[in-house]
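Every number in this text was worked out from the coordinates using simple rules, so none of it is lab data. Values in this document were obtained by computation on a predicted structure and should not be read as measured data. Glycine gets a Cβ as well: all are built from the backbone with ideal geometry, and neighbour counts include every protein chain shown.
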């Protein structure tokens, strides 16, 4: 996997794709392609962390892709390193030329830069892509400005993808991304409520900075992460995202994944989850029997939507009643 670097650790000289690139959608990939084919330096993506609006306005910014996830997505695009520039008020106060001189030239030895035409930088966002071109030209740096990519009447953007996910429209998010939307989490021990209903679930602890889709019940597929030993195959699943209005209305929102027709010991292990389709919004049922019946119906719909997922792949555990089947 490509390395995640600070500016001081970065390999130099660099050819830089500069921007947030949250989601790495096809518009972002056009900017990245402008530096991977240049041959003018180490192909590098440079982003700020944390997001400038978090520092300047105290607005939490959930990410479509966390840095560790972005590494996996950037490597096939020809990028050699991801550099995160620590963003603070001191950096925010730099005028555009000072930012170029101190960061892009001084720390990263930039020889080529590519940005989208909506790029802004410098104190109060006073600099734009054309300013960057002019500053770069005076320093012998080639700056390529890529036009925004439009899809219908609206441009392709991270905000548009978030809106699709917030509406539970997984298919639209995938279309805009041109890849699946996924997240991951470590399975933690729950209270066993799912097991009492006959539907044990893996309770995922997901990084709080990750953007998650609309609360509801989803058909999904899950993959067991095996570290240095590789990854397991994809397994069909049904996922509940949100609170538990019937079992425990006071419980906080959670991510619960039930692997269909599998018995696995999962506590302490990491699952990667890919929602496939929203089955229904959450609702409160009259009793646990009605809830269990609805989960059975959800599972059957998920089986149909996941048809072909995991076919021919033997479960890790083919037998018995495991003491911690999935988790709760």
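Quick rundown of the values:
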item: Residue among 203, 118, 240 with the largest mean-square fluctuation in a Gaussian network model of the chain, springs linking Cα atoms under 10 Å; result: 118
item: Neighbour-count order for 181, 218, fewest beta carbons within 10 angstrom listed first; result: 181, 218
item: Cα long-axis angle, helix 26-36 against the chain (0 to 90 degrees, to the nearest 10); result: 50
item: Within a Gaussian network of the chain (alpha carbon springs, distance under 10 Å), most fluctuating of 244, 81, 223; result: 244
item: Bridge type composition, segment 1-144 - antiparallel percent by DSSP, nearest 5; result: 10
item: Angle in degrees between helix 129-138 and the longest Cα principal axis of the chain, rounded to the nearest 10; result: 40
item: Ranking of 1, 239 by count of other Cβ atoms within 10 Å, fewest first; result: 1, 239
item: Ranking of 274, 286, 265 by count of other Cβ atoms within 10 Å, fewest first; result: 286, 265, 274
item: Option label - semi-axes √(5λ) of the Cα gyration tensor in Å computed here, alternatives (i) 43, 20, 18; (ii) 44, 23, 20; (iii) 71, 18, 17; result: (i)
item: 222 nm mean residue ellipticity, helices alone, for the chain (DSSP H n ≥ 4; -39,500 (n - 2.57); rounded to 500); result: -7000 deg cm²/dmol
item: Three semi-axes of the equivalent ellipsoid, segment 4-149, Cα gyration tensor, whole Å, largest first; result: 20, 19, 15
item: log₁₀ of I(q)/I(0) at q = 0.14, 0.18, 0.21, 0.24 Å⁻¹ - segment 33-106, Debye sum with one point per alpha carbon; result: -0.56, -0.88, -1.06, -1.15
